1. Filter the range 179-190 down to the residues that are surrounded by 15 or more Cβ atoms within 10 Å (Cβ to Cβ) and out of contact with any Lys or Arg (no Cβ under 8 Å at 6 or more places or on another chain) and list them by number.
2. Could you look through the range 136-176, keep only residues that are among the aliphatic types (A, V, I, L, M) and not in a helix (DSSP H, G or I), and pick out the one that is surrounded by the fewest Cβ atoms within 10 Å (Cβ to Cβ)?
3. Mind checking which pairs have a first residue in the range 170-188 that is under 14 Å from residue 235 (Cα atoms) and assigned by TED's automatic domain parsing to the domain that holds residue 103 and a second that is part of a helix (DSSP H, G or I) and among the small types (Gly, Ala, Ser), Cβ under 6 Å, 6 or more apart or different chains?
4. Restricting the first residue to the range 8-25 and requiring it to be farther than 15 Å from residue 51 by Cα, which pairs with a second residue that is β-branched (Val, Ile, Thr) meet a Cβ separation below 6 Å and a spacing of at least six or different chains?
5. Looking at the range 194-232 only, could you name the residues that are on the phi > 0 side of the Ramachandran plot and without any contact (Cβ under 8 Å) to a residue 12 or more places away in the chain?
6. Taking the stated definitions as given, is residue 176 in contact with a strand residue (DSSP E or B) (Cβ under 6 Å, 6 or more places away or on another chain) and within 21 Å of residue 105 (Cα to Cα)?
7. Can you list the helices (runs of 4 or more DSSP H) found entirely within the range 177-255 that contain at least 1 residues being among the charged types (D, E, K, R) and modelled with pLDDT of 90 or more?
8. Looking only at the range 98-115, decide whether some residue is modelled with pLDDT of 80 or more and either outside any helix (DSSP H, G or I) or not assigned by TED's automatic domain parsing to the domain that holds residue 211 (or both).
Amino acid sequence: MKWFYIDESILSGDRRQGPFSLEEMNAFREQNKIGDNTLVWHSGQNGWAAWETVYKEIDAEKRAQHEELERALEDLVKKHPELNFRYAGFLVRGVAFFIDAAIMTLVGSLIFIILQKLDLADAGTLRPLLSEYSQNPFSKELSDKLLGNSGFILFSVCSILAQTFYTLFFTIRYAATPGKMLLRLKIKNGDGSPFTWKNAVVRYFASALTQATLIFYGLGYILAIVDPKKRALHDFFAKTVVVHSTSPEEPLRNS
């Protein structure tokens, strides 16, 4: 858009100055080269008018365009809420994972103590065996000893049930485990549709496959580094993403 103004300091001849850009005209106004009553004209304008009148019209038009654009963006986000997601990266998800793992380690210790108190597990036998197995996890002989230990079988079953309850309860109720809640992370469907208990169940059992990739350098988790949406392997199966909460006030409980 080209702008012109009438230079009132010129008493004869062509007093029209220009063309200028709107930015230059604003600078002239700040330098008092033009005033509110200076006659101005720009391409597309019907006739000459005072700067103050024309500028107010343009300012109002810009505000209207800005408000219209904001409404259009709001409508777009309502139709496609995934556009507003801030995906949680590998590191923050890793921290949340270790927080949950620490909690489950405490729960596992409590389970073992209870089993020991009930004479259902022998710590004197099981702990050395577990320590030996951790140093050589591919030993068939040690694996057979563990599988033949009733205390280990009972402890494993109780631990798996506790982990399943822990993960599914918090994921279904809050769409986040305690580790994720502490870091203000939330699990959502990748397409922005409501996250349901079915999604939580699929995601939990798919996570077992991701954990199995630890023997292959954790490829299932490393996917979160290279994927644009920061998804791990189980996220692909469950069609979910992990995102940052949009604000500190946003409740983590799933509606």
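The values are calculated or read from the model by the stated rules, or taken from the named source; none is laboratory data. All values derive from a computational prediction rather than experimental measurement. Every residue, glycine among them, receives a Cβ derived from its backbone with ideal geometry; neighbour counts consider all protein chains shown.
1. Answer for the range 179-190, where residues must be surrounded by 15 or more Cβ atoms within 10 Å (Cβ to Cβ) and out of contact with any Lys or Arg (no Cβ under 8 Å at 6 or more places or on another chain): 179, 181, 183, 184, 188.
2. Per the stated criteria, the residue is 176.
3. 171/200
4. Once the first residue is farther than 15 Å from residue 51 by Cα and sits in the range 8-25, its partners that are β-branched (Val, Ile, Thr) give 15/6.
5. The answer is 217, 218.
6. yes
7. Here the list reads 178-182, 197-212, 233-238.
8. no
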